[in-house]
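Notes follow once the structure below has been shown.
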Amino acid sequence: MRIAAALIILLGGCATTPTSRAPADAFFAQLRSLCGRAFEGRLVTSDAADRDMASQRLVMHVRECSEREIRVPFHVGADRSRTWVITRTARGLRLKHDHRHEDGSPDVRTQYGGDSTAPGTPIRQEFPADAYSRELFVAQNIPQSATNMWAAEVQPGRTFAYELRRPGRHFRVEFDLARPVSAPPPPWGAR
């Protein structure tokens, strides 16, 4: 009798305990559903540091998708140096920034980003700078970036947003998911 009661309590707890990965998995699935499509975007913040970027054509291309990783090149005009890499982890998601030179070689400031530390939502995931990124930013004499918090949002059928925040800095670009555009050329260093 005691064993049966213990099993009922144990199994009941399993059935009602949500997994903390559920929002990350839903977010990943929504982003993955865009695979192969490209979208034009616009800068929606007005930091003076981004003035040149605001005048360029901004295109994201959900280019490569697997069960574990999604690669999203972000083109700024003719500059094809940036790719956002979102990877599944044991606890959620990881965002890394793959920066390449035109010859495909990695930039010194590449592979920075972080892991989601909270469950987030199926629409928004946040990524604080990880230890590697903090060390890289200090070594590159941009210690203010050590407090970076990146975010990505997918509002199905409406908007994809990429965001960077830190004290004194806010960058946000939004892409119109209702209006796909032609896929751009591959990013520099594409595999």
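Give the shape of the stretch 62-121 as rounded, prolate or oblate, defined through the alpha-carbon gyration tensor: a ≥ b ≥ c are the square roots of its eigenvalues, a/c under 1.5 means rounded, and otherwise the shape is prolate if a/b is larger than b/c and oblate if not. Prolate, because a/c is 1.5 or more and a/b exceeds b/c. Accessible surface for the stretch 141-191, divided over its residues, is 51 Å² per residue with a 1.4 Å probe.
Per-residue 3J(HN,Hα) values for the stretch 37-45, derived from phi via the Karplus relation 6.51 cos²θ - 1.76 cosθ + 1.60 with θ = phi - 60°, read 9, 10, 9, 8, x, 8, 6, 10, 10 Hz in sequence order (x marks Gly and Pro). Values of log10 I(q)/I(0) for the stretch 50-158 across q = 0.15, 0.16 Å⁻¹ run -0.72, -0.83, by the Debye formula with one identical scatterer at each alpha carbon and no solvent. Remark on the chain: ratio of C-alpha radius of gyration to 2.2 N^0.38 Å is 1.18.
State which helices in the chain qualify, where a helix is a whole DSSP H run, it must extend 20 Å or more along its own axis by its Cα atoms, and its mean Kyte-Doolittle hydropathy must be at least 1.0.
Membrane-span-like by this rule: 2-16.
Between amide H atoms placed 1.01 Å from N, distances below 5 Å from residue 57 occur with 77, all of them 5 or more places distant or on a separate chain. In the stretch 42-91, a dipole from Cβ-located charges (positive for Lys and Arg, negative for Asp and Glu) runs towards its positive end, and of 58, 81, 70 it is 70 whose Cα lies farthest in that direction.
Its Cα centre serving as origin, the stretch 97-165 has a Cβ charge dipole (Lys and Arg +1, Asp and Glu -1) of approximately 240 debye.
The charge dipole of the chain, taken about its Cα centre with unit charges on the Cβ atoms of Lys, Arg (+1), Asp and Glu (-1) only, comes to about 380 debye. Percent of accessible area on the chain owned by carbon and sulfur, 1.4 Å probe? Carbon-and-sulfur percentage of accessible area, whole number: 55.
Here the 3J(HN,Hα) profile of the stretch 85-99, calculated from phi with Karplus coefficients 6.51, -1.76 and 1.60 at θ = phi - 60°, is 10, 10, 10, 6, 10, 5, 10, x, 10, 10, 10, 10, 10, 9, 10 Hz, Gly and Pro shown as x. Its Cα centre serving as origin, the stretch 69-113 has a Cβ charge dipole (Lys and Arg +1, Asp and Glu -1) of approximately 340 debye.
In a DSSP loop and with at most 13 other Cβ atoms within 10 Å, the GluC sites (Glu not before Pro) in the stretch 94-191 are 102.
Mind checking the full-extension length gain between residue 138 and residue 44? Use 0.36 nm per residue of separation minus the Cα-Cα distance, one decimal, nm.
Values: separation 94, 0.36 × 94 = 33.84 nm, distance 2.82 nm.
So the chain would gain 31.0 nm between residue 138 and residue 44.
Between 142, 70, 123, the GNM of the chain built on Cα springs shorter than 10 angstrom shows 142 fluctuating the most.
The values are calculated or read from the model by the stated rules, or taken from the named source; none is laboratory data. Values in this document were obtained by computation on a predicted structure and should not be read as measured data. Methodologically, a virtual Cβ is constructed for each residue, glycine included, from the backbone with ideal geometry; neighbour enumeration extends over all protein chains shown. Just the protein is used for accessible areas: all its heavy atoms, side chains included, with ligands, DNA and RNA removed. Shrake-Rupley method; radii C 1.70, N 1.55, O 1.52, S 1.80 Å.
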